[in-house]
1. Could you check the spin-label model distance between Ala56 and Ser39? Points 7 Å from the Cα along Cα→Cβ, value in nm.
2. List the chymotrypsin sites (Phe, Trp or Tyr not before Pro) within region 13-67 that fall in a DSSP loop (any state other than H, G, I, E or B) and whose Cβ has at most 16 other Cβ atoms within 10 Å.
3. If I fit a long axis through the Cα atoms of helix 11-45 and take the longest principal axis of the Cα atoms of the chain, what angle between them do I get, 0 to 90°, rounded to 10?
4. Using only the Cα atoms of region 1-70, build the gyration tensor, take square roots of its eigenvalues as a ≥ b ≥ c, and label the shape rounded, prolate or oblate: rounded if a/c is under 1.5, else prolate if a/b is larger than b/c, else oblate.
5. So how far apart, in nm, are the two label points at Arg119 and Val78 if each is 7 Å from Cα heading toward Cβ?
6. How large is log10 I(q)/I(0) at q = 0.13, 0.16, 0.26 Å⁻¹ when the Debye formula is applied to the Cα atoms of region 55-123, each weighted equally and without solvent?
7. Once you have a ≥ b ≥ c as the square roots of the Cα gyration tensor eigenvalues for the chain, tell me rounded if a/c is under 1.5, and otherwise prolate or oblate according to whether a/b is larger than b/c.
8. If we count GluC sites (Glu not before Pro) as exposed when they sit in a DSSP loop and have at most 15 other beta carbons within 10 Å, what is the longest stretch of the chain that avoids them all?
Amino acid sequence: MSGFKNFILRGNLVELAVAVIMGTAFAAVVTTFTGMLLSAIARATGGAQPNFDDYAPGGIEVGPFLTSLVAFLILAAVIYFFVVLPYTKAKDRYFPTETPGTPADVALLEEIRDLLKARNGDV
């Protein structure tokens with residue numbers, strides 16, 4: 001029983017559960033935002049929402065694919081500009097990467113080497 005308890009209370013499992021719940025909720029937000037953008041496009045063009053479902057050149061029904069592709073591109077743009085880009089900027093601002101240079105352990109070893117050389121008169 002303790003193994004099961006350890007499995008349930010393990011941090012990765014809880015983090016994964018939270019991620020799935022948050023992802024599901026966020027998916028609903030992005031989906032409704034995509035629908036809102038499609039409505040805005042329809043209003044701006046004076047027609048109905050972009051829907052290519054009836055488009056079938058040469059009898060090949062590519063319309064549903066084109067509709068899904070447009071919705072995907074809008075969804076990808078929303079995710080990139082409203083999630084990925086702000087996250088990256090905030091991460092760089094609050095958690096900057098270390099400046100390139102000699103790592104601290106290598107610098108310490110070089111200092112020890114130089115001190116040993118100086119002590120032995122090898123300079």
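1. Distance between label points: 3.1 nm.
2. Here the chymotrypsin sites (Phe, Trp or Tyr not before Pro) that fit, given the DSSP loop and packing criteria, are Phe52, Tyr55.
3. Taking Cα atoms only, the helix is inclined about 40 degrees.
4. Since a/c reaches 1.5 but b/c is at least a/b, the shape of region 1-70 is classed as oblate.
5. So the two model labels end up 6.6 nm from each other.
6. -0.68, -0.78, -1.04
7. prolate
8. It runs 1-60.
All of the numbers you see were taken from the coordinates with simple rules; none came from a lab. Not measured: the values here are computed from a predicted model. Here the Cβ is made from the backbone with ideal geometry for all residues, glycine too, and neighbour counts use every protein chain on show.
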